[in-house]
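The values are calculated or read from the model by the stated rules, or taken from the named source; none is laboratory data. Computed from a prediction, not measured in an experiment: that's the story for all the values here. Backbone-built Cβ (ideal geometry, glycine too); neighbour counts: all protein chains shown. To get the accessible areas, we keep the full protein, side chains included, count just its heavy atoms, and leave off ligands, DNA and RNA. Shrake-Rupley method; radii C 1.70, N 1.55, O 1.52, S 1.80 Å.
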Amino acid sequence: MRVLISPSYGSPATRRHWADTVDQLVPFTDDRYVHALSAEQRARLQTVHPDGTACFWGAGPAHDTKMCDVVPGDVVLFTGQGRVRAVAEVGTIFRNAELADLLWPPEPGGPSWHTVYTLLDLVEADIPYSELNAVLGYQPNYSYPGQLVLRSDKAQSVLDEFMITSGLFFSRACTEPVPAPDTGSQEAVRRAAAEEMRTSKTSYRRTGRLIVVDRREARLVAAFKQHLASCGREPADRFYCRSGVSDLYLEDAEGAELIEAKSAASHHCVRQALGQLLDYAPYCPAPPDRLSALLPSAPARADLALLHRYGIDCVHRDTSGAFVRVEAPAERRELMRVVWSS
(Lines give C-alpha, C1' and ligand atoms only; values in the text may rest on other atoms or scores of the structure.)
Protein backbone atom coordinates (compact mmCIF):
# COMPACT_ATOMS: atom_id res chain seq x y z
CA MET A 1 0.00 0.00 0.00
CA ARG A 2 0.98 3.60 -0.60
CA VAL A 3 0.32 6.64 1.56
CA LEU A 4 -0.10 9.99 -0.16
CA ILE A 5 0.67 13.16 1.77
CA SER A 6 -1.16 15.95 0.00
CA PRO A 7 -1.12 19.65 0.93
CA SER A 8 -4.69 20.91 0.97
CA TYR A 9 -5.14 23.67 3.54
CA GLY A 10 -1.98 25.73 3.40
CA SER A 11 -2.53 28.28 0.62
CA PRO A 12 -5.66 30.24 -0.33
CA ALA A 13 -5.73 28.43 -3.69
CA THR A 14 -5.71 24.94 -2.19
CA ARG A 15 -8.31 25.95 0.40
CA ARG A 16 -10.51 27.19 -2.43
CA HIS A 17 -10.00 23.95 -4.34
CA TRP A 18 -10.92 22.04 -1.20
CA ALA A 19 -14.13 24.03 -0.81
CA ASP A 20 -15.06 23.44 -4.45
CA THR A 21 -14.43 19.71 -4.84
CA VAL A 22 -14.15 18.15 -1.36
CA ASP A 23 -16.45 20.14 0.90
CA GLN A 24 -19.09 19.65 -1.76
CA LEU A 25 -19.70 16.72 -4.08
CA VAL A 26 -19.04 17.17 -7.78
CA PRO A 27 -21.86 15.89 -10.06
CA PHE A 28 -19.57 14.34 -12.67
CA THR A 29 -22.53 13.18 -14.82
CA ASP A 30 -23.57 16.79 -15.49
CA ASP A 31 -23.01 18.12 -18.99
CA ARG A 32 -20.34 20.47 -17.69
CA TYR A 33 -18.06 17.54 -16.84
CA VAL A 34 -19.24 14.55 -18.81
CA HIS A 35 -17.88 15.78 -22.15
CA ALA A 36 -14.37 15.94 -20.64
CA LEU A 37 -14.45 12.27 -19.62
CA SER A 38 -13.63 9.31 -21.81
CA ALA A 39 -16.10 6.45 -21.88
CA GLU A 40 -13.68 4.35 -19.84
CA GLN A 41 -13.26 7.09 -17.23
CA ARG A 42 -17.02 7.58 -16.95
CA ALA A 43 -17.47 3.85 -16.43
CA ARG A 44 -14.83 3.75 -13.71
CA LEU A 45 -16.35 6.71 -11.91
CA GLN A 46 -19.84 5.30 -12.15
CA THR A 47 -18.71 1.95 -10.78
CA VAL A 48 -17.12 3.48 -7.68
CA HIS A 49 -19.63 6.33 -7.26
CA PRO A 50 -22.94 5.00 -8.62
CA ASP A 51 -24.93 8.06 -7.53
CA GLY A 52 -23.00 10.20 -10.02
CA THR A 53 -21.27 12.43 -7.46
CA ALA A 54 -17.83 12.31 -5.84
CA CYS A 55 -15.22 14.33 -4.00
CA PHE A 56 -12.18 15.04 -6.20
CA TRP A 57 -8.54 15.87 -5.57
CA GLY A 58 -5.47 15.74 -7.75
CA ALA A 59 -1.84 16.51 -8.53
CA GLY A 60 0.10 18.43 -11.15
CA PRO A 61 2.28 17.02 -13.97
CA ALA A 62 5.38 17.60 -11.85
CA HIS A 63 4.19 14.72 -9.66
CA ASP A 64 3.57 12.20 -12.45
CA THR A 65 6.49 9.99 -11.44
CA LYS A 66 5.41 9.99 -7.80
CA MET A 67 1.82 9.19 -8.69
CA CYS A 68 2.49 6.55 -11.34
CA ASP A 69 1.69 3.53 -9.15
CA VAL A 70 -1.05 5.02 -6.93
CA VAL A 71 -4.15 2.83 -7.13
CA PRO A 72 -7.64 2.64 -5.61
CA GLY A 73 -7.48 1.78 -1.93
CA ASP A 74 -4.31 3.76 -1.23
CA VAL A 75 -4.57 6.16 1.70
CA VAL A 76 -4.34 9.96 1.50
CA LEU A 77 -3.32 12.24 4.38
CA PHE A 78 -4.41 15.83 3.75
CA THR A 79 -2.08 18.36 5.36
CA GLY A 80 -2.02 22.06 6.12
CA GLN A 81 -1.55 24.59 8.89
CA GLY A 82 0.77 22.37 10.85
CA ARG A 83 -1.20 19.13 10.97
CA VAL A 84 -2.88 16.28 9.11
CA ARG A 85 -6.45 17.51 8.82
CA ALA A 86 -8.16 14.58 7.13
CA VAL A 87 -7.63 11.02 5.93
CA ALA A 88 -9.31 9.40 2.93
CA GLU A 89 -9.02 6.49 0.54
CA VAL A 90 -8.43 6.76 -3.21
CA GLY A 91 -11.60 5.75 -5.06
CA THR A 92 -10.47 5.87 -8.68
CA ILE A 93 -7.57 7.66 -10.34
CA PHE A 94 -6.68 8.73 -13.89
CA ARG A 95 -5.06 11.54 -15.87
CA ASN A 96 -7.34 14.10 -17.48
CA ALA A 97 -6.07 17.67 -17.81
CA GLU A 98 -9.34 18.93 -19.31
CA LEU A 99 -11.39 17.69 -16.36
CA ALA A 100 -8.77 18.99 -13.92
CA ASP A 101 -9.03 22.49 -15.41
CA LEU A 102 -12.82 22.36 -15.07
CA LEU A 103 -12.56 21.29 -11.43
CA TRP A 104 -9.70 23.63 -10.50
CA PRO A 105 -9.33 26.48 -13.04
CA PRO A 106 -5.64 27.46 -13.12
CA GLU A 107 -4.51 30.96 -12.28
CA PRO A 108 -3.48 33.06 -15.30
CA GLY A 109 -0.08 31.80 -16.31
CA GLY A 110 -0.16 29.24 -13.50
CA PRO A 111 0.18 25.46 -13.77
CA SER A 112 -2.75 23.14 -14.28
CA TRP A 113 -3.46 20.03 -12.31
CA HIS A 114 -3.18 16.84 -14.28
CA THR A 115 -3.86 13.68 -12.27
CA VAL A 116 -7.41 13.41 -10.93
CA TYR A 117 -8.58 11.05 -8.20
CA THR A 118 -11.76 10.62 -6.20
CA LEU A 119 -12.05 10.16 -2.46
CA LEU A 120 -13.86 7.59 -0.39
CA ASP A 121 -14.65 7.93 3.32
CA LEU A 122 -13.08 11.27 4.09
CA VAL A 123 -12.44 11.30 7.86
CA GLU A 124 -11.39 14.32 9.91
CA ALA A 125 -8.08 13.97 11.74
CA ASP A 126 -5.87 16.05 14.00
CA ILE A 127 -2.29 14.82 13.79
CA PRO A 128 0.44 17.43 14.37
CA TYR A 129 3.31 17.48 11.91
CA SER A 130 5.65 16.81 14.83
CA GLU A 131 4.11 13.35 15.34
CA LEU A 132 4.18 12.54 11.63
CA ASN A 133 7.76 13.78 11.33
CA ALA A 134 8.84 11.60 14.23
CA VAL A 135 7.43 8.50 12.53
CA LEU A 136 9.11 9.30 9.22
CA GLY A 137 12.43 10.42 10.71
CA TYR A 138 12.09 13.98 9.40
CA GLN A 139 13.21 17.12 11.18
CA PRO A 140 10.64 18.23 13.78
CA ASN A 141 9.86 21.44 11.88
CA TYR A 142 9.38 19.85 8.44
CA SER A 143 6.20 21.34 6.95
CA TYR A 144 5.27 19.16 3.93
CA PRO A 145 5.40 21.80 1.21
CA GLY A 146 4.53 19.45 -1.66
CA GLN A 147 2.99 16.14 -2.63
CA LEU A 148 4.66 13.01 -1.26
CA VAL A 149 3.96 9.34 -1.94
CA LEU A 150 5.25 6.99 0.74
CA ARG A 151 5.86 3.34 -0.07
CA SER A 152 6.96 0.13 1.65
CA ASP A 153 8.22 0.53 5.21
CA LYS A 154 7.59 4.27 5.40
CA ALA A 155 3.99 3.88 4.29
CA GLN A 156 3.44 1.00 6.70
CA SER A 157 4.99 2.91 9.59
CA VAL A 158 2.47 5.71 9.08
CA LEU A 159 -0.44 3.28 8.88
CA ASP A 160 0.86 1.52 11.98
CA GLU A 161 1.44 4.56 14.11
CA PHE A 162 -1.80 6.40 13.33
CA MET A 163 -4.04 3.33 13.01
CA ILE A 164 -5.14 3.72 9.42
CA THR A 165 -6.27 1.07 6.97
CA SER A 166 -7.94 1.16 3.62
CA GLY A 167 -11.48 -0.16 3.53
CA LEU A 168 -10.63 -1.88 0.25
CA PHE A 169 -7.89 -3.81 2.06
CA PHE A 170 -10.31 -4.73 4.83
CA SER A 171 -13.01 -5.92 2.44
CA ARG A 172 -10.53 -8.07 0.53
CA ALA A 173 -9.15 -9.51 3.75
CA CYS A 174 -12.63 -10.50 4.84
CA THR A 175 -13.70 -12.11 1.58
CA GLU A 176 -10.57 -14.06 0.66
CA PRO A 177 -10.73 -17.57 2.12
CA VAL A 178 -7.93 -18.39 4.53
CA PRO A 179 -7.03 -21.96 5.53
CA ALA A 180 -7.78 -22.69 9.16
CA PRO A 181 -4.53 -23.79 10.85
CA ASP A 182 -5.87 -27.00 12.40
CA THR A 183 -8.50 -28.27 9.99
CA GLY A 184 -7.36 -27.04 6.61
CA SER A 185 -10.90 -25.78 6.01
CA GLN A 186 -11.62 -22.39 4.48
CA GLU A 187 -12.73 -19.58 6.77
CA ALA A 188 -13.49 -15.90 6.16
CA VAL A 189 -11.04 -14.90 8.89
CA ARG A 190 -7.66 -13.32 8.31
CA ARG A 191 -4.95 -12.88 10.95
CA ALA A 192 -3.05 -9.63 10.88
CA ALA A 193 -0.29 -7.94 12.82
CA ALA A 194 -1.68 -5.85 15.65
CA GLU A 195 -0.49 -2.69 13.90
CA GLU A 196 -1.83 -3.56 10.46
CA MET A 197 -5.28 -1.99 10.79
CA ARG A 198 -4.89 1.59 11.97
CA THR A 199 -7.10 4.65 11.76
CA SER A 200 -7.42 7.96 13.55
CA LYS A 201 -10.65 9.53 14.77
CA THR A 202 -12.48 10.54 17.92
CA SER A 203 -14.76 7.50 18.05
CA TYR A 204 -14.92 3.99 16.68
CA ARG A 205 -17.18 3.69 13.65
CA ARG A 206 -17.51 1.86 10.37
CA THR A 207 -17.91 4.12 7.38
CA GLY A 208 -18.52 2.77 3.93
CA ARG A 209 -14.93 1.54 3.62
CA LEU A 210 -12.50 2.91 6.19
CA ILE A 211 -12.66 1.56 9.72
CA VAL A 212 -12.02 4.30 12.23
CA VAL A 213 -10.65 3.77 15.73
CA ASP A 214 -10.32 6.39 18.43
CA ARG A 215 -6.76 7.71 18.69
CA ARG A 216 -6.97 7.36 22.48
CA GLU A 217 -7.82 3.68 22.03
CA ALA A 218 -4.73 3.28 19.86
CA ARG A 219 -2.52 4.70 22.60
CA LEU A 220 -4.19 2.45 25.18
CA VAL A 221 -3.63 -0.62 23.01
CA ALA A 222 0.04 0.33 22.47
CA ALA A 223 0.56 0.69 26.22
CA PHE A 224 -1.13 -2.64 26.92
CA LYS A 225 1.03 -4.38 24.32
CA GLN A 226 4.09 -3.07 26.15
CA HIS A 227 2.62 -4.41 29.38
CA LEU A 228 2.07 -7.83 27.79
CA ALA A 229 5.65 -7.88 26.55
CA SER A 230 6.94 -7.00 30.01
CA CYS A 231 4.95 -9.96 31.37
CA GLY A 232 6.54 -12.32 28.86
CA ARG A 233 3.33 -12.85 26.88
CA GLU A 234 3.39 -13.65 23.18
CA PRO A 235 2.95 -10.71 20.77
CA ALA A 236 -0.69 -9.88 20.17
CA ASP A 237 -2.15 -9.68 16.71
CA ARG A 238 -5.60 -9.09 15.22
CA PHE A 239 -7.95 -10.75 12.82
CA TYR A 240 -10.36 -9.55 10.19
CA CYS A 241 -13.79 -11.07 9.91
CA ARG A 242 -17.13 -10.19 8.37
CA SER A 243 -18.13 -8.38 11.57
CA GLY A 244 -15.07 -6.14 11.71
CA VAL A 245 -11.54 -6.14 13.04
CA SER A 246 -10.51 -7.16 16.54
CA ASP A 247 -8.33 -4.86 18.62
CA LEU A 248 -6.08 -7.53 20.09
CA TYR A 249 -5.98 -11.30 19.92
CA LEU A 250 -3.58 -13.49 21.92
CA GLU A 251 -2.72 -17.17 21.70
CA ASP A 252 -0.10 -18.43 24.11
CA ALA A 253 0.39 -20.77 27.05
CA GLU A 254 -2.36 -18.94 28.94
CA GLY A 255 -4.89 -19.67 26.19
CA ALA A 256 -6.67 -17.68 23.49
CA GLU A 257 -7.87 -14.22 24.48
CA LEU A 258 -9.85 -11.61 22.56
CA ILE A 259 -9.48 -8.01 23.77
CA GLU A 260 -11.44 -4.90 22.80
CA ALA A 261 -10.22 -1.45 23.86
CA LYS A 262 -12.32 1.62 24.54
CA SER A 263 -11.34 5.25 25.02
CA ALA A 264 -13.43 5.72 28.16
CA ALA A 265 -14.95 3.63 30.95
CA SER A 266 -18.45 5.04 30.49
CA HIS A 267 -21.54 2.84 30.34
CA HIS A 268 -21.80 3.52 26.60
CA CYS A 269 -18.21 2.39 25.99
CA VAL A 270 -18.60 -0.70 28.15
CA ARG A 271 -21.70 -1.67 26.16
CA GLN A 272 -19.78 -1.11 22.92
CA ALA A 273 -16.95 -3.35 24.10
CA LEU A 274 -19.41 -6.02 25.20
CA GLY A 275 -21.19 -5.99 21.85
CA GLN A 276 -18.00 -6.12 19.81
CA LEU A 277 -16.52 -8.93 21.89
CA LEU A 278 -19.63 -11.07 21.50
CA ASP A 279 -19.81 -10.21 17.79
CA TYR A 280 -16.17 -11.10 17.02
CA ALA A 281 -15.76 -14.07 19.37
CA PRO A 282 -17.24 -16.74 17.05
CA TYR A 283 -14.66 -15.75 14.41
CA CYS A 284 -11.59 -16.16 16.64
CA PRO A 285 -8.97 -18.38 14.99
CA ALA A 286 -9.19 -20.61 18.08
CA PRO A 287 -12.15 -20.83 20.48
CA PRO A 288 -11.43 -18.07 23.03
CA ASP A 289 -10.65 -18.94 26.63
CA ARG A 290 -11.16 -15.33 27.69
CA LEU A 291 -12.86 -12.20 26.45
CA SER A 292 -11.60 -8.94 27.93
CA ALA A 293 -12.63 -5.29 27.79
CA LEU A 294 -9.62 -2.95 27.95
CA LEU A 295 -10.47 0.42 29.55
CA PRO A 296 -8.42 3.49 30.55
CA SER A 297 -9.89 3.52 34.07
CA ALA A 298 -12.10 1.44 36.32
CA PRO A 299 -15.74 1.24 35.22
CA ALA A 300 -18.72 1.71 37.48
CA ARG A 301 -19.65 -1.31 39.59
CA ALA A 302 -22.82 -1.86 37.55
CA ASP A 303 -20.83 -1.85 34.31
CA LEU A 304 -18.26 -4.27 35.71
CA ALA A 305 -21.15 -6.52 36.72
CA LEU A 306 -22.51 -6.27 33.18
CA LEU A 307 -19.23 -7.56 31.75
CA HIS A 308 -18.99 -10.30 34.36
CA ARG A 309 -22.55 -11.41 33.63
CA TYR A 310 -21.30 -12.48 30.20
CA GLY A 311 -18.10 -14.00 31.57
CA ILE A 312 -15.97 -11.09 30.31
CA ASP A 313 -12.90 -9.87 32.19
CA CYS A 314 -12.18 -6.16 32.68
CA VAL A 315 -8.62 -4.88 32.26
CA HIS A 316 -8.18 -1.25 33.25
CA ARG A 317 -5.51 1.20 34.34
CA ASP A 318 -5.29 2.27 37.95
CA THR A 319 -4.32 5.73 39.16
CA SER A 320 -0.62 4.91 38.74
CA GLY A 321 -1.12 3.86 35.13
CA ALA A 322 -0.59 0.15 35.83
CA PHE A 323 -2.93 -2.39 34.27
CA VAL A 324 -5.27 -4.28 36.59
CA ARG A 325 -7.30 -7.33 35.57
CA VAL A 326 -10.65 -7.89 37.27
CA GLU A 327 -11.60 -11.42 36.32
CA ALA A 328 -15.12 -12.61 35.69
CA PRO A 329 -16.24 -15.43 37.97
CA ALA A 330 -14.72 -18.66 36.67
CA GLU A 331 -18.05 -20.49 36.59
CA ARG A 332 -19.64 -17.69 34.57
CA ARG A 333 -16.74 -17.71 32.11
CA GLU A 334 -16.99 -21.48 31.63
CA LEU A 335 -20.73 -21.22 31.13
CA MET A 336 -20.37 -18.50 28.50
CA ARG A 337 -17.46 -20.02 26.54
CA VAL A 338 -19.89 -22.22 24.63
CA VAL A 339 -21.98 -19.15 23.79
CA TRP A 340 -18.93 -17.13 22.70
CA SER A 341 -17.95 -19.63 20.05
CA SER A 342 -21.43 -20.49 18.81
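Restricting to Cα pairs below 8 Å that are 6+ residues apart, what does the relative contact order work out to for the chain? Please round to a whole percent. Could you put the intermediate results ahead of the total?
Numbers: 673 pairs, mean separation 39.1, N = 342.
The value is 11 percent.
Calculate for the chain the 222 nm mean residue ellipticity that helices alone would give, adding -39,500 (n - 2.57) per DSSP H run of length 4 or more and normalising by residue count, nearest 500 deg cm²/dmol. Intermediate results must be reported in sequence, preceding the final value.
Details: 12 runs with 114 residues, N = 342.
It comes out at -9500 deg cm²/dmol, rounded to the nearest 500.
In what sequence, highest mean first, do 224-235, 290-301 appear when ranked by Cβ atoms within 10 angstrom? Let's see the in-between values first.
Values: 224-235: 13.2, 290-301: 20.0.
The packing order, highest mean first, is 290-301, 224-235.
At what distance in nm do the modelled label points of residue 225 and residue 94 sit from each other, each positioned 7 Å from its Cα along Cα→Cβ?
Placing both labels 7 Å beyond Cα along the Cβ direction yields 3.9 nm.
Subtracting the Cα-Cα distance from 0.36 nm times the residue separation, let me have the gained length for residue 309 to residue 279 in nm, one decimal. Walk me through the numbers before you get to the answer.
Working: separation 30, 0.36 × 30 = 10.80 nm, distance 1.61 nm.
Using 0.36 nm per residue and subtracting the Cα-Cα distance, I get 9.2 nm.
Within the chain, count lysine pairs with alpha carbon atoms under 24 angstrom apart where the residues are 8 or more positions apart or belong to different chains. It would help to have the intermediate numbers written out before the result.
Working: 66/154; 154/201; 154/225; 201/225; 201/262; 225/262.
The result is 6.
Kindly work out what percent of the DSSP beta bridges joining two residues of the chain are antiparallel, to the nearest 5.
Values: 45 of 60 bridges.
Close to 75 percent.
Multiplying the sequence separation of residue 135 and residue 9 by 0.36 nm and subtracting their Cα-Cα distance, what value in nm do you get? Each step should come with its number before you reach the end.
On the way: separation 126, 0.36 × 126 = 45.36 nm, distance 2.17 nm.
Result for the pair: 43.2 nm of gain on full extension.
Given the Cα-Cα distance of residue 32 and residue 254 and 0.36 nm per residue of separation, how much length would full extension add, in nm? The partial results should precede the final answer.
Working: separation 222, 0.36 × 222 = 79.92 nm, distance 6.36 nm.
Between residue 32 and residue 254, full extension yields an extra 73.6 nm.
For a paramagnetic label modelled at 7 Å from the Cα of residue 64 toward its Cβ, which residues of region 98-116 fall within the zone defined by backbone nitrogen distances under 15 Å?
Zone members listed by number: 98, 112-116.
Accessible surface of residue 131 in the full protein assembly, 1.4 angstrom probe, to the nearest 10 Å²?
Counting only protein heavy atoms, the figure is 60 Å².
Per-residue accessible area for residue 18 at 1.4 Å probe radius, Å² rounded to 10?
So the heavy atoms of residue 18 present about 10 Å² to solvent.
Over all alpha-carbon pairs in the chain, figure out the percentage whose distance exceeds 29 Å.
Values: 26498 of 58311 pairs.
Of the Cα pairs, 45 percent sit more than 29 Å apart.
What figure in square angstrom, to the nearest 10, would you give for the accessible area of residue 69 with a 1.4 Å probe?
Its accessible surface works out to 50 Å², give or take rounding.
Return a whole-number percent for the relative contact order of region 277-342, with Cα pairs under 8 Å and 6 or more residues apart as the contact set.
On the way: 92 pairs, mean separation 22.9, N = 66.
That works out to 35 percent.
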